[in-house]
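Q: Sending over a structure as structure tokens; questions will come in a sec.
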């Protein structure tokens, strides 16, 4: 009975081995091939009698990349690319056969052609990379469009739309935290004359130069905006009216001595400014903007190229 069972097991194992899709090689303790299934014979192009009893070095002379994986003393699994046209990739698994005393009696080597799977994996990797690149490009374009929506196209500083939102946000923060902030409104003096004398190209250059000047001379927390035409506004968080006035006056003095280049011409320009502070001069963003604008009007009426602070009761 035991002999019958043993025979059945042997036959069953043989059947299973012959139907495995992997190449199967069995080596003894002397590194001699003692078995190989039909897939292995077909792939090697050799009948079983030219494989059994041979040294793997002889059998796999044409595939040294595969041979190197035959002699691991412990369980080993890796992917091996064999040069051919086209190249093929195999997954090779080496499993030691140990006796009851833990001594090595041989090895079972499985090699499975995973070229198609690797090709699909590479295609998926490429597709995922392209998708990721596309997502990043979409995000870049979205950010670019968002940035364009809040930037003045000529000068690059924030536009009136952004300023309106920033003013509302800063007013709420200042009221909540009981801290001041100030606005400076600047207007290029006699800008129409600049355009009429030097042309609109040079007029645009004056605006761009003033915008760059403000960006270079304001704090990182300050918000510089082109409010419209030749008018700019600087929102200064945490700045009381005296500090804002001093900064505006410094801007004015530094800007009036600059010579602005346009083509081969040197242009001299100045600006007038008005300053108002929350909550000293107004309790809302809209009222504060009106107060700063009123102070700007007084600077213009007083001769231009000057800075004025809003005075309660002088609003017209």
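The values are calculated or read from the model by the stated rules, or taken from the named source; none is laboratory data. Everything numeric in this text was worked out from a predicted model, so none of it was measured. With ideal geometry, Cβ positions are generated from the backbone for all residues, glycine too; neighbour counts draw on all protein chains shown.
Q: Tell me whether segment 81-89 contains one or more residues that are at pLDDT below 85, part of a helix (DSSP H, G or I) and touching a strand residue (DSSP E or B) at 6+ places or on another chain (Cβ under 6 Å).
A: Of segment 81-89, the ones at pLDDT below 85 are 81-88.
This time we only want the ones that are part of a helix (DSSP H, G or I), so: none.
No, segment 81-89 contains no residue that is at pLDDT below 85, part of a helix (DSSP H, G or I) and touching a strand residue (DSSP E or B) at 6+ places or on another chain (Cβ under 6 Å).
Q: So if I check each of 112, 162, which one is touching a helix residue (DSSP H, G or I) at 6+ places or on another chain (Cβ under 6 Å) and surrounded by 10 or more Cβ atoms within 10 Å (Cβ to Cβ)?
A: Step by step, each of 112, 162 is checked, and only 162 is touching a helix residue (DSSP H, G or I) at 6+ places or on another chain (Cβ under 6 Å) and surrounded by 10 or more Cβ atoms within 10 Å (Cβ to Cβ).
Q: I need the strands (runs of 3 or more DSSP E) fully contained in segment 233-300, keeping only those with at least 1 residues that are out of contact with any helix residue (DSSP H, G or I) (no Cβ under 6 Å at 6 or more places or on another chain) and buried (at least 24 other Cβ atoms within 10 Å of the Cβ).
A: Here the list reads 271-278.
Q: Next up: So which pairs qualify, if the first residue must be in segment 238-261 and without any contact (Cβ under 8 Å) to a residue 12 or more places away in the chain and assigned by TED's automatic domain parsing to the domain that holds residue 223, the second must be loosely packed, with under 15 Cβ neighbours inside 10 Å and outside any loop (DSSP other than H, G, I, E, B), the Cβ gap must be under 7 Å, and the two must be at least 6 apart or on different chains?
A: Matching pairs, first to second residue: 259/266.
Q: Among the listed residues 18, 62, which satisfies the condition of being touching a helix residue (DSSP H, G or I) at 6+ places or on another chain (Cβ under 8 Å), within 27 Å of residue 88 (Cβ to Cβ), at pLDDT below 80 and surrounded by fewer than 13 Cβ atoms within 10 Å (Cβ to Cβ)?
A: Criteria check complete, one pass: 18.
Q: Hey, another quick one. Would you say residue 67 is in the same structural domain as residue 96 (by TED's automatic domain parsing) and assigned to a strand (DSSP E or B)?
A: So residue 67 does not fit the description; no.
Q: Another question, if that's okay. Kindly indicate whether residue 82 is surrounded by 12 or more Cβ atoms within 10 Å (Cβ to Cβ), under 19 Å from residue 22 (Cβ atoms) and under 49 Å from the mean Cα position of the chain (by Cα).
A: The answer is yes for residue 82.
Q: Moving on. Out of the residues in segment 169-202 that are touching a helix residue (DSSP H, G or I) at 6+ places or on another chain (Cβ under 6 Å) and modelled with pLDDT under 95, state the one that is surrounded by the fewest Cβ atoms within 10 Å (Cβ to Cβ).
A: Top of the filtered list is 195.
Q: Okay, moving on. Inspect all residues belonging to segment 302-312 and state whether any of them is part of a helix (DSSP H, G or I) and free of Cβ contacts under 8 Å to residues at least 40 places away in the same chain.
A: The answer is no, given that none of the residues of segment 302-312 is part of a helix (DSSP H, G or I) and free of Cβ contacts under 8 Å to residues at least 40 places away in the same chain.
Q: Would you pick out the residues in segment 157-192 that are in contact with a strand residue (DSSP E or B) (Cβ under 9 Å, 6 or more places away or on another chain) and in a loop (DSSP other than H, G, I, E, B)?
A: Result: 157, 159, 179, 180, 189.
Q: Follow-up. Being touching a strand residue (DSSP E or B) at 6+ places or on another chain (Cβ under 9 Å) and not in a helix (DSSP H, G or I) is the filter; apply it to segment 131-155 and report the residue that is farthest from residue 275 (Cα to Cα).
A: 154
Q: While we're looking at this one, here's another question. Need the failing condition index for residue 228 against (1) under 25 Å from residue 171 (Cα atoms); (2) modelled with pLDDT of 95 or more, just the number.
A: (2)
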